[in-house]
Amino acid sequence: MASSKSNAVNWFLHRITGTFLVFMLITHFWVQHYDHSVASVTTDVVAQEGELPTYSDEAAAGVKAKFGADAEVTPYNVVMQRLADPVYAVLWKGFNILFLIVALHHGFYGLNNVLTDYIRNPLGRVMARVLSWSVALVLLIIGLYSVITAGW
Amino acid sequence: MDLTVKIKRYNPEKDDAPHWESYEVPADPLDSALALLLHVKWHIDGTLSLRKSCAHGICGSDAMQINGENKLACSVLVKDLVDDSGETVTFAPLPSAPVIKDLVIDQSRFFEKYRSVKPWLINDTPEPERERPQSPEEHEIIEDATKCIMCGACTHACPSTWADPDYLGPAAMLKAYRYTFDTRDDGTEERLDIVDSPDGLWKCYTIFNCNQACPKEIDITRWLSALKRRAVTSSASTAA
C-alpha cells in the first residue's frame, strides 16, 4: 500500500503540467508578443469605454531606448484589453488561471526537489516544503486576484 | 606504447587528503585498463590498493573513475582511453563514495540500500512440486535488468546520489524493478512502499548518467521510469 506521503501524484502531475506548459507557453508568447488579435474583439470596447491603462511615457521611452524606436510598447494595454473583452474575457481569464496553476505546480514541485536534494534533515525538509508551498499559495492568491479583477 | 598513468592515491593512515601520483607504464593498445593498474602494483608500487577479482566484467569489483568516467577497469581497453585524452590515463575511486584506501571504496552504504529494497523473490503461496514457471515473454520484461553485476558505477555516477547520499540510487532501484516486474513475485506493494519515499524513486530526474556509466549497457533510466509508472498506478488504485 503506497503511503500517504507518496510523491507519486505530484510526480505524475509534474509530467502533465510539463506537457501543458509547452502548449500554454507557445500560446502565451504568441498572443502576448506576436498576434494580439487572437480571440479578441476589444477594439470596439476601447471605442466605447475609452482608453484602458497603458505604459507610462517613461517606461515606453525606456523600452524604445533599449530595443529601438520601432519597439512596440503595448503589452500592459493589450493584456488589459484582452481581459476586458466582452466576448472572450472568460476564455482568457480561464486560460491564465490554468496557466498560473500549472506553472506554479510545475515550478514549485521542481523547487521542492532541489530543496530536498540538499536538505536531508527530516524537520528541515518539512519546513522547506511548508515554506515553499506557502510561497506558491501566496503567489496563487495574488495571481488569481490579478487575473480575475483585471479589466472588470 | 608508453603511457602516463595518474592515480588518485589516499592512505588514511599517512595522508591528510587524497593526491595524484603519476607512473610510467609500458602498454599494448589491446591491454585492459586493469592491466595498467596491475603493472603499477606488481612492478612499481606494491602499496597501491584496488579491488579486482574475475577481470572479465562479471564480478563487478573494479568499477572506478577512469579518465573522468565511471567504468569497469577490466572491461575497457587502453586504445579506447588514449584516443581521446592523449597518452595519459587517470584513475580515481568512484565519486561520492567514502574511500578506504586508494581506489578501494567503502561499499557498505551501497549494499545497505540494495538490501533495503528486498532484492529477493517474495511469494507466500505454497511451493509448487517442481518450480515456479516463467515464460520467455515474462522473462523478457526483466531480462535487461537481470544483467546487473552490482558494480556501483551507475549509483556513483548519479548526480542525485552526489547531492543526497541517502538517495537509494539506480542500482538498488533497478533491483526493485527486477523483482517488482517478475511475474512470480507478489511483493509489489511492500517494495513500492520502500522506493516511493522521499529518498527514493522521485529523486531520479532522468539524467541518464546511470545508463552512460553501466558497463552492461542496461537501460536503467527506462526501467526506473517503468517503476515510477507502476508506483503512480498503485497509488491511484489505493486512493480509489
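Any residue that is in a helix (DSSP H, G or I) and over 21 Å from the mean Cα position of the chain (by Cα) - is there at least one of those in region A:67-89? Yes, region A:67-89 has at least one match. Looking only at region A:95-125, residues that are facing chain B (nearest Cβ under 10 Å) and of a type in the set (A, V, I, L, M, F, W, C) come to 2 in all. Taking region B:30-62 as the range and being outside any helix (DSSP H, G or I) and hydrophobic (A, V, I, L, M, F, W, C) as the test, the residues that pass are B:Leu30, B:Leu48, B:Leu50, B:Cys54, B:Ala55, B:Ile58, B:Cys59.
For first residues located in region B:195-209 and under 13 Å from B:Leu227 (Cα atoms) and facing chain A (nearest Cβ under 8 Å), partners that are open to solvent by 10 Å² or more (accessible area, probe 1.4 Å) and modelled with pLDDT under 95 and lie 6+ apart or on another chain with Cβ distances below 6 Å form the pairs B:Asp196/A:Ala2; B:Asp196/A:Ser6; B:Trp202/A:Asn7; B:Trp202/A:Trp11. Just one of (1) open to solvent by less than 50 Å² (accessible area, probe 1.4 Å); (2) within 14 Å of another protein chain (Cβ to nearest Cβ); (3) over 11 Å from the mean Cα position of the chain (by Cα) fails for B:Phe181. It is (2).
If only residues of region B:76-104 that are without any contact (Cβ under 8 Å) to a residue 40 or more places away in the chain, within 22 Å of B:Ala157 (Cα to Cα) and outside any loop (DSSP other than H, G, I, E, B) are counted, the one that is most open to solvent (accessible area, probe 1.4 Å) is B:Asp84. Among the residues of region B:191-225, write down those that are loosely packed, with under 15 Cβ neighbours inside 10 Å and either among the hydrophobic types (A, V, I, L, M, F, W, C) or in contact with a Cys (Cβ under 8 Å, 6 or more places away or on another chain) (or both). Listed by number, the residues that qualify are B:Ile207, B:Phe208. Residues that are within 14 Å of chain A (Cβ to nearest Cβ) and closer than 22 Å to B:Phe111 by Cα do occur in region B:147-159, at least one of them. Scanning region B:175-203 for residues that are assigned to a helix (DSSP H, G or I) and either touching a Phe, Trp or Tyr at 6+ places or on another chain (Cβ under 6 Å) or among the charged types (D, E, K, R) (or both) returns B:Lys175, B:Tyr177, B:Arg178, B:Glu189, B:Glu190, B:Arg191, B:Asp193, B:Trp202, B:Lys203.
Is it the case that region A:74-90 has a residue that's among the hydrophobic types (A, V, I, L, M, F, W, C), open to solvent by less than 80 Å² (accessible area, probe 1.4 Å) and farther than 16 Å from A:Ala39 by Cβ? No, region A:74-90 has no match at all. Taken together, B:Ala17, B:Ala55, B:Ala73 contain a single residue that is in contact (Cβ under 8 Å) with a residue 40 or more places away in the chain and open to solvent by less than 70 Å² (accessible area, probe 1.4 Å), which is B:Ala73. Checked against (1) closer than 19 Å to A:His28 by Cβ; (2) in contact with a helix residue (DSSP H, G or I) (Cβ under 7 Å, 6 or more places away or on another chain), A:Val90 meets all criteria but (2). From the list A:Val38, A:Val9, A:Val22, A:Val63, pick out the single residue that is under 30 Å from B:Val195 (Cβ atoms), out of contact with any Asp or Glu (no Cβ under 8 Å at 6 or more places or on another chain) and either loosely packed, with under 12 Cβ neighbours inside 10 Å or modelled with pLDDT under 75 (or both). Selected residue: A:Val22, the only one of A:Val38, A:Val9, A:Val22, A:Val63 that is under 30 Å from B:Val195 (Cβ atoms), out of contact with any Asp or Glu (no Cβ under 8 Å at 6 or more places or on another chain) and either loosely packed, with under 12 Cβ neighbours inside 10 Å or modelled with pLDDT under 75 (or both). Test B:Glu112 against the criterion of being open to solvent by 50 Å² or more (accessible area, probe 1.4 Å), within 17 Å of the chain's Cα centre (by Cα) and not assigned by TED's automatic domain parsing to the domain that holds B:Gln65, and give yes or no. It is true that B:Glu112 is open to solvent by 50 Å² or more (accessible area, probe 1.4 Å), within 17 Å of the chain's Cα centre (by Cα) and not assigned by TED's automatic domain parsing to the domain that holds B:Gln65. In region B:119-132, the qualifying residues are those that are out of contact with any Gly (no Cβ under 6 Å at 6 or more places or on another chain) and touching a residue at least 12 places away in the same chain (Cβ under 8 Å), and the one that is surrounded by the most Cβ atoms within 10 Å (Cβ to Cβ) is B:Pro119. Residues that are under 20 Å from B:Val99 (Cα atoms) and among the polar types (S, T, N, Q) within region B:1-59 comprise B:Asn11, B:Ser22, B:Thr47, B:Ser49, B:Ser53, listed in sequence order.
The values are calculated or read from the model by the stated rules, or taken from the named source; none is laboratory data. Just so it is clear, the structure is predicted and the values come from calculations on it, not from any experiment. Reconstructed Cβ throughout: ideal geometry from the backbone, glycine too, with neighbour counts over all protein chains shown. In case anyone asks, the SASA skips ligands and DNA or RNA and just uses the protein heavy atoms, side chains included. Shrake-Rupley method; radii C 1.70, N 1.55, O 1.52, S 1.80 Å.
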